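The values are calculated or read from the model by the stated rules, or taken from the named source; none is laboratory data. Not measured: the values here are computed from a predicted model. Neighbour counts run over all protein chains shown; Cβ positions are idealised from the backbone, glycine included. Quick note on the areas: whole protein, heavy atoms, side chains included, nothing else; ligands and nucleic acids left out. Shrake-Rupley method; radii C 1.70, N 1.55, O 1.52, S 1.80 Å.
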Amino acid sequence: MTAAGATFWLVLLVAAMVGILLLRRWLASHPFGLPPLDVSPDDPLMKEAEARARRALPTFLELVPHHPGSCYVKFAFESDSGAVEHLWARVEGAEADGFAVRVETPPALHDGPFEPERTIPRSAVEDWQVELEDGRIRGGYTLHAMFAIHRRDLGDVPKRFAEHEARYVDC
């Protein structure tokens with residue numbers, strides 16, 4: 001093999017490795033390893049899902065102490081660009097009027113400083129979910145609604161989404 005041929009294969013190998021690392025980082029930055037579906041928060045199915053999640057909040061409060069590190073809440077965040085993003089955060093603890101959380105899906109449209117550890121008032125919770133030890137998921141009402149909206153507007157969801165959706169028990 002010539003030096004030029006060896007260089008070509010080395011560059012190709014490095015490019016492939018960088019691509020894999022970037023893909024893994026991108027997937028890790030999305031909630032539960034799934035990229036977001038493009039859905040309007042004003043869709044009636046999303047509004048109903050948020051209402052269901054809020055009505056079921058007492059169930060979430062019962063589950064939190066029994067599933068440390070596996071409980072999440074979704075809340076609206078206004079970025080410094082003025083965009084409202086809906087972020088998921090892992091619950092670190094339940095407080096009298098809210099939750100101490102660590103944001104797992106940082107805002108995409110925010111350029112300024114962002115503190116991932118914060119307190120979210122209960123009234124700001126749009127959805128919640130708890131990953132159970134057996135792989136099932138409680139809550140996740142808006143995620144289930146997003147799958148339904150995707151089916152309604154675009155047809156079947158990708159296999160990866162359908163497999164994830166099958167884990168939800170409350171929807």
Percent carbon-and-sulfur accessible area, region 95-171, ignoring ligands, DNA and RNA, probe 1.4 Å:
50
Student exercise, region 61-171 dipole from Lys, Arg, Asp, Glu Cβ charges, in Debye to nearest 20
380
Output for region 46-115: chymotrypsin sites (Phe, Trp or Tyr not before Pro) sitting in coil per DSSP, at most 14 other Cβ within 10 Å, listed by number, reads Phe114
FRET efficiency estimate (nearest 0.05) - Cβ-Cβ, Phe114 to Leu154, R0 25 angstrom:
0.20
With each label point set 7 Å from Cα along the Cα-Cβ vector, what nm distance links Ala124 and Asp43?
2.5
Arg136 accessible area, nearest 10 Å², 1.4 Å probe?
110
For Arg54 and Asp170, calculate 0.36 nm times their separation in residues minus their Cα-Cα distance, and state this gained length in nm to one decimal.
40.4 nm
Order by accessible surface, 1.4 Å probe, largest leading, for residues Thr59, Thr119 comes to Thr119, Thr59
For Ala100 and Asp134 in the same chain, what is the full-extension length gain: residue separation times 0.36 nm, less their Cα-Cα distance, in nm?
9.7 nm
